[in-house]
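Reading through the structure tokens given below for one structure.
Every read-out reported here was derived from the displayed coordinates using simple, explicitly stated rules and does not represent laboratory data. As the structure is a prediction and not an experimental result, all values here were calculated from the model. Here the Cβ positions follow ideal geometry from the backbone for every residue, glycine too, while neighbour counts run over all protein chains shown.
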């Protein structure tokens, strides 16, 4: 069983890989043997993370089409292959629909949806050419959210909910399209996770307590717990799993 989690010799790109869920995923993939390319718009943070993981840094704005194309081309040229893509770069602007500007709405979609699309589109040719031990194929794991599967929550967040709902169905559609190429596409749907992404919420004890009361397990998740699910979906343990959205939610969606 451990052998099916072994990613030795494989190359993985993790967007948003310098912090939070992305960093935890990069660590998990690296510990499983993959060479990890830490892609993040914060180039200095990407370099620091890559140095710790003995991986490669890639300064990348996932909303920039030219930069994404060039970045993935550089990865393919340098490593000769790409086996795994984790789309973890994300943005949330927690405002109700009456307060949310068009620019803010579009910014959330640009990162969460368009960014995932651009990176997947750029990764597929490299996977087909040299991924999965040069036989073609690979694995894409998108980071969605429980808010892509539910409309409610302790505060309004329509842009994030709509964008993550789009990621959920993008995952399904891409899984069907890419299956003939041997590329599996899945997503994780985390609950609230103890990372800087929800730093402001964690500082608000009343809101955090309300969130914890929504969890049958009574707590928010740790980044490593989401990373474990990403590792599973990226590995041969999930060889027959595609088009799936795996909730890592402490039972939130079961209520």
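Assorted remarks:
- Extended-chain gain in nm, criterion 0.36 nm per residue less alpha-carbon gap, residue 31 and residue 54: 7.2 nm
- The stretch 60-74-the stretch 29-44 distance, computed between alpha-carbon centres (Å): 16 Å
- Candidate values (1) 26, 23, 18; (2) 28, 19, 18; (3) 32, 19, 17, label of the one derived for semi-axes √(5λ) of the Cα gyration tensor in Å: (2)
- Full extension of the chain segment joining residue 42 with residue 228 gains 64.5 nm, where the gain is 0.36 nm per residue of separation less the Cα-Cα distance.
- For the stretch 193-255 versus the stretch 135-170, the gap between their alpha-carbon centres in whole angstrom: 12 Å
- Estimated from the Cβ-Cβ distance and a Förster radius of 22 angstrom, the FRET efficiency linking residue 121 and residue 241 is about 0.50.
- Neighbour-count ranking [beta-carbon atoms within 10 angstrom, fewest first] of 40, 83, 236, 61: 236, 61, 83, 40
- Using the rule -39500 (n - 2.57) for each DSSP H run of four or more residues, divided by the residues of the chain, the 222 nm mean residue ellipticity is -14000 deg cm²/dmol.
- Helix axis angle, 115-134 relative to the chain longest principal axis, alpha carbon, degrees: 30 degrees
- Between helix 20-31 and the chain: long-axis angle, C-alpha atoms, 0 to 90°, nearest 10: 30 degrees
- Estimated FRET transfer efficiency when R0 is 45 angstrom, pair residue 70-residue 212 (beta carbons, to 0.05): 0.55
- This ranking places 172, 10, 41 by how few other beta-carbon atoms lie within 10 Å of each, fewest first, which gives 172, 41, 10.
- Burial ordering of 160, 155, fewest other beta-carbon atoms within 10 Å first: 155, 160
- Cα-based helix-to-principal-axis angle, 158-178 vs the chain, degrees rounded to 10: 30 degrees
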